[in-house]
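The values are calculated or read from the model by the stated rules, or taken from the named source; none is laboratory data. Only a predicted model underlies this, so the values are computations on that prediction, with no experimental measurement involved. Every residue, glycine as well, gets a Cβ built from its backbone with ideal geometry; the counts of neighbours run over all protein chains shown.
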Amino acid sequence: MLGATGLVGQRLVSLIEAHPWFELTALAASPASSGRAYGEAVRWCLTESLPARVAALEVEAVSPELGARVVFSALDAEVAGPIERGLAAAGAWVFSNAASHRMHPAVPLLLGEVNADHLALVERQDFGPGAIVSNPNCTTAGLVLALAPLAEVAGLRRVQLVTLQARSGAGQAGGGGLRLSDNLLPHIAGEEEKIECETARILGDCDGERVRPHALALSATCNRVAVPDGHTLCVSVELERPASAAELIEAWDGFSGEPQALGLPTAPRHPTRYDAADDAPQPALHAELDGGMRTTVGRLRPCAVLDWKFTALTHNTLRGAAGGALLGAELAVARGLVPVD
Ligand code: NAP
């Protein structure tokens, strides 16, 4: 685990410690944390308690000598790039939450239920004997889980997105410094551009050599709000073919992919689900459903500008980060890509 002391790192530590396939062997973070016991270095923010075994582990400095075959990275993007490439060169399979390699042509930008076939791109990588697989941006993950079922039944032409993103999306350092009480911040640096590029890439076609991005037009506007966890997305869509509300709801409720077919440990039963209540979805009520891996959609209604509009909600540090990366690793293992004993 790289970046084990951060908000995403803590989620990963908690998930991996309880995982049936992976064993947590090394925790690494910045020089300020390395050399200290994890329980002292971390400012633990989760409601579940920190397992005593993990609290006693010494935080290590980040290095290619960590010795793990699977590495989860929750590093700041400013430092992640060379570190993740160094580990792949040393033979590790790196599952990364950082933005550093998301748009690299040979790195799968993986959302398990939507584009498992993009894993074929690892054959094109020249990082060394290991590989790098990237997790999408947290908002992108929720948006694509809401859009992919619609793309399947009716095609997508144009999408208008306004987000209300949780404080935890800014990380431990960033989140603490934001003035969010009685306030809203109408700017998240780089977020709109990431969502627009990443969505087209994940929904794009992969021929095994490269990804041809989806041709949809997407315009995103992002806001930070004083919600602890869970990004809310207000979405309007123009479809390629007419579809009724019942068809769209059926598409969301019936949506599943390879993680469900394979019965992977972190696969949610319902990756996307429609809730017909007038006031759904809400971060406090819906973000943690299905282990925080479900995108809940609600408020479907006709749009006077495009065809339909709706609201979607996704847990940013679970589906949008730690849980998504773990699901990607499970998929790579289940497909026989990661060497295991
Ligand atoms: P965070 O809370 O700020 O944690 C950052 C982690 O990186 C900490 O463990 C920190 O260690 C470590 N780190 C910082 N500088 C380092 C260095 N020079 N060498 C080694 N380790 C270093 O951030 P986060 O929210 O967990 O996000 C982690 C990554 O996931 C980021 O790339 C972020 O963009 C991405 N992401 C976040 C979310 C989310 O909802 N938060 C969602 C999707 C993706 P110390 O504690 O020792 O400083």
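Observations on the structure shown:
- Of all residues in the stretch 20-38, those being of a type in the set (S, T, Y) and more than 7 Å from the ligand (Cβ to nearest atom) number 3.
- All positions within the stretch 5-27 that are buried (at least 24 other Cβ atoms within 10 Å of the Cβ), touching an Asp or Glu at 6+ places or on another chain (Cβ under 9 Å) and under 13 Å from E58 (Cα atoms): L27
- Qualifying residue in the stretch 69-77 (condition: more than 10 Å from the ligand (Cβ to nearest atom) and free of Cβ contacts under 8 Å to residues at least 60 places away in the same chain): no
- Helices (runs of 4 or more DSSP H) lying entirely in the stretch 254-341 (those with 2 or more residues that are touching a strand residue (DSSP E or B) at 6+ places or on another chain (Cβ under 6 Å) and under 27 Å from S73 (Cβ atoms)): 323-334
Rundown of residues vs (1) under 30 Å from G254 (Cα atoms); (2) crowded, with 18+ Cβ neighbours inside 10 Å; (3) in the same structural domain as D229 (by TED's automatic domain parsing), yes/no style:
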site: G39; (1), (2), (3): no, no, no
site: R53; (1), (2), (3): no, no, no
site: L66; (1), (2), (3): no, yes, no
site: L75; (1), (2), (3): no, yes, no
site: G86; (1), (2), (3): no, yes, no
site: F95; (1), (2), (3): yes, yes, no
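- Cβ-Cβ distances below 6 Å connect the following pairs, each with a first residue in the stretch 205-217 that is without any contact (Cβ under 8 Å) to a residue 60 or more places away in the chain, a second residue that is assigned to a loop (DSSP other than H, G, I, E, B) and surrounded by 11 or more Cβ atoms within 10 Å (Cβ to Cβ), and a separation of six or more residues or different chains: R212/G204; P213/G204.
- Sole residue being away from the ligand (no atom under 14 Å from the Cβ), basic (K, R) and under 24 Å from V211 (Cβ atoms), chosen from R85, R102: R85
- The criterion of at least 3 residues that are modelled with pLDDT under 95, of a type outside the set (A, V, I, L, M, F, W, C) and out of contact with any Gly (no Cβ under 7 Å at 6 or more places or on another chain) is met, among helices (runs of 4 or more DSSP H) falling completely within the stretch 107-226, by 171-176.
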